[in-house]
Amino acid sequence: MVEKNIIELYDKNLICPVCGNKYTTKKVKSSKLRAVKRDSDLMTYYRGENPIIYAVVVCNKCGFAYLDSELEDIKDKYKEIILDGITKKISNKNYTNERTIEQSEKTYKLALYCGELINSKKIYLASLVLRLAWLYRFKEDIYNENRFLKNAMESFKYAYERESLKKSSFDKKTVEYLIGEINRRIGNKKDAIKWFNIVISDNPGTSMRIENLAREQWQKTKE
């Protein structure tokens, strides 16, 4: 186990956007990623370490947690809120080493709390919640998986209807698809079919992979 982690993980240098602390945290080497399969809601399984577990980074000084690949600039007024709301209240801020799934869950929940404190966009929060649902899927915890899937779907829908997706890691068609697929997974078949139809009819040909997935899941839902 240790030998595998030495090969697959590396130390990434970071500067905390809240307190300016310089620290390192473990990440999975992209060159070592070996995808095995992908679920219909885009969750990917890998042979060995899964980058989902290390996607959230946590400053080991102030405790600010975030997806370093997606977070936008933080306004000064929110930095004070983090220092008051997180740093003074959370004792364990060290998530910079190898992680278990349980430790990863805590980093995502901490990132969600931080995101809410700094008024992050719903599309960013949806990304966190969806990944958290995936972690529960790894553990075969169906109740919490479905609970967070529903939360993710609602956040994606809010973002789709009220936010700009230009700076998001999710394009419009992918968000449409995820709203449909999550509805299908939690048993809302009517809404799932509605959103799959939107994917197929909205600018057809712009994302064939997502459109094909929508057609497959539309057929599965009908059956």
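The values are calculated or read from the model by the stated rules, or taken from the named source; none is laboratory data. The structure displayed is predicted, hence computed values, not measured ones. Don't worry about glycine lacking a Cβ; one is built from the backbone with ideal geometry, like all the others, and counts go over all protein chains shown.
Some observations on this one:
- Scanning the stretch 164-201 for residues that are over 20 Å from LYS222 (Cα atoms), charged (D, E, K, R) and surrounded by 14 or more Cβ atoms within 10 Å (Cβ to Cβ) yields ASP171, LYS172, LYS173.
- For the stretch 21-44, filtered to residues that are polar (S, T, N, Q) and modelled with pLDDT of 95 or more, the residue that is farthest from the chain's Cα centre (by Cα) is THR24.
- Which listed residue is at pLDDT below 95, surrounded by fewer than 20 Cβ atoms within 10 Å (Cβ to Cβ), among the basic types (Lys, Arg) and farther than 19 Å from TYR160 by Cβ, from LYS109, LYS93: LYS93
- Residue within the stretch 74-95 that is on the phi < 0 side of the Ramachandran plot and touching a Pro at 6+ places or on another chain (Cβ under 6 Å) present: yes
- Within the stretch 190-213, restricting attention to residues that are in contact with a Lys or Arg (Cβ under 8 Å, 6 or more places away or on another chain) and in a loop (DSSP other than H, G, I, E, B), the residue that is modelled with the lowest pLDDT is THR206.
- Residues that are under 24 Å from GLU49 (Cβ atoms) and not in a helix (DSSP H, G or I) within the stretch 97-122 comprise ASN97, GLU98, ARG99, THR100, listed in sequence order.
- Strands (runs of 3 or more DSSP E) wholly inside the stretch 36-85 containing at least 1 residues that are surrounded by fewer than 16 Cβ atoms within 10 Å (Cβ to Cβ): 44-46
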